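Every number here is computed from the coordinates shown, using simple stated rules; none is lab data. Since the model is a prediction, treat every value here as computed from it, not as a measurement. Here Cβ is always computed from backbone atoms with ideal geometry, including for glycine, and neighbour counts include all displayed protein chains.
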């Protein structure tokens, strides 16, 4: 094998015999190796400015504690409300109204956390996956469609504005 140093960190190597099992090929190949060193800045730990990921984890833990204190019925009601809010956001998006696009992800994550806590409770009770899906289907069929809280609030504000106009 013949090696030629091109630069201080690069080396080209020519192979003398074929590396492939194809005997009809006359190409032996060229192997280029490059070594580079990466220097990272020293890690400094500051108690005043913790990384944002740690702050987010703390908020999530707080939220999970909040969810775990609720009963399963309360979780179900809040999931229905959040799904209604998600629908309202989709309607605002399709109507090209102003909205915060980050709300989509936040609501979906919150719904997922609630459903996760609900499933954890089912596992503790010994409910298997198949039965859990059956309960979910029954629960979804029993949902009474009602306007989400944000729509109720908007309707109340409009009614109050109309009452002020007429008075």
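Tabulated data for the structure shown
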read-out	value
Pair residue 101, residue 154: separation of 7 Å Cα→Cβ label points (nm)	2.0 nm
Cβ-Cβ FRET estimate between residue 68 and residue 143, R0 fixed at 30 Å, reported to 0.05	0.85
Size of the range 70-147 as Cα extents on the principal axes (Å, biggest first)	46, 23, 22
Paramagnetic reach from residue 125 (point 7 Å along Cα→Cβ, amide N under 11 Å) across the range 57-86	72-73
Most to least packed among 105-111, 78-84, 143-149, 95-101 [average Cβ atoms within 10 Å]	78-84, 105-111, 143-149, 95-101
Extension gain from residue 165 to residue 61, taking 0.36 nm per residue of separation minus the Cα-Cα distance	32.8 nm
